[in-house]
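J.: Have a look at this one.
No lab work stands behind these numbers, since they all come straight from the coordinates. Note that the structure is predicted; figures quoted are calculated from it, not measured. Don't worry about glycine lacking a Cβ; one is built from the backbone with ideal geometry, like all the others, and counts go over all protein chains shown.
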Amino acid sequence: MGWLRHRITYANVVSTLALVIALGGGAVYAANKIGAQGIRKGAIRSYHIKNRQVRRQDIAGGAISTRQVSNDSLTGKDIKEATLGLVPSALNARTVNGITERLVRASQPNPSGAAQVVAQGGMTALLSCSGGGATLGIHGSAAGDVGSVFHGEGDSDSTEQFSAGSSASFTTGASTAGFATVRRLDGTVTRLDFELRWQPGAFGADTCFLHGFLLTGR
């Protein structure tokens, strides 16, 4: 080692330090000067990015479309519920154990003719609004469909029969509630529980409303 000590001079040490400083300073300089234009397109891959380091603010609006999202990769927690709209058919109907459940909500301005509001399981219902009252007419949808309607207003209750060839029809000048059932030849039974209401001045004009719950099954 003695021969090495004789060859280490002040000039050697200074030149070596200068080289290290120059190389280090160059790396820092290069790091400060690399911009987007200095990175080749496609050079940065997924494995170059540390997990969970890409934030929402790093992604431009509209940059991700359905083409960039793998099938079935999104779950409920990835979606903001407030951004979802209503799905009409899914909102109003579902099937549980072979029984179809459906909400029935309809309205008609005064005056208006009969409009079909129910057509399911052998039951057809029409709602009309005129003459200061709401009218609901119910009949069977096909030959062999038979049923009855029970409704009441105040102290007056009434039961009417209907089929495909004849209808049960009633009118209320205020509000009435009841239910209707129909049986088909194949054994299918449909029941409608309803409230029929005439409301003066609703939405700026007299309006008739039907709210109900429909069940169909065997």
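J.: At q = 0.09, 0.22 Å⁻¹, what log₁₀ I(q)/I(0) does a Debye calculation on the Cα points of segment 88-217 give, no solvent, two decimals?
T.: -0.25, -1.29
J.: Simple spin-label model, 7 Å along Cα-to-Cβ: R56 to A202 in nm?
T.: According to this spin-label approximation, the distance is 4.0 nm.
J.: Same structure, new question: Quick one: net charge of F179's neighbours, Cβ under 11 Å, K/R +1, D/E -1?
T.: Working: positive: R191; negative: D193, E195.
Result for the neighbourhood of F179: -1.
J.: Please list, in chain and number order, the residues 5+ apart from G144 or on another chain whose amide H is under 5 Å from its amide H, with Hs placed from the backbone.
T.: Amide H neighbours of G144: A164.
J.: For a protection proxy built on the mean count of beta-carbon atoms within 10 angstrom, sort 195-208, 156-169 highest first, please.
T.: On the way: 195-208: 16.0, 156-169: 14.5.
Ranked from most to least packed, the peptides come out as 195-208, 156-169.
J.: Using the C-alpha gyration tensor of segment 142-198, what are the square roots of 5 times its eigenvalues, in whole angstrom, with the largest one first?
T.: Working: eigenvalues 111, 24, 15 Å².
Working from the Cα gyration tensor, I get semi-axes of 24, 11, 9 Å.
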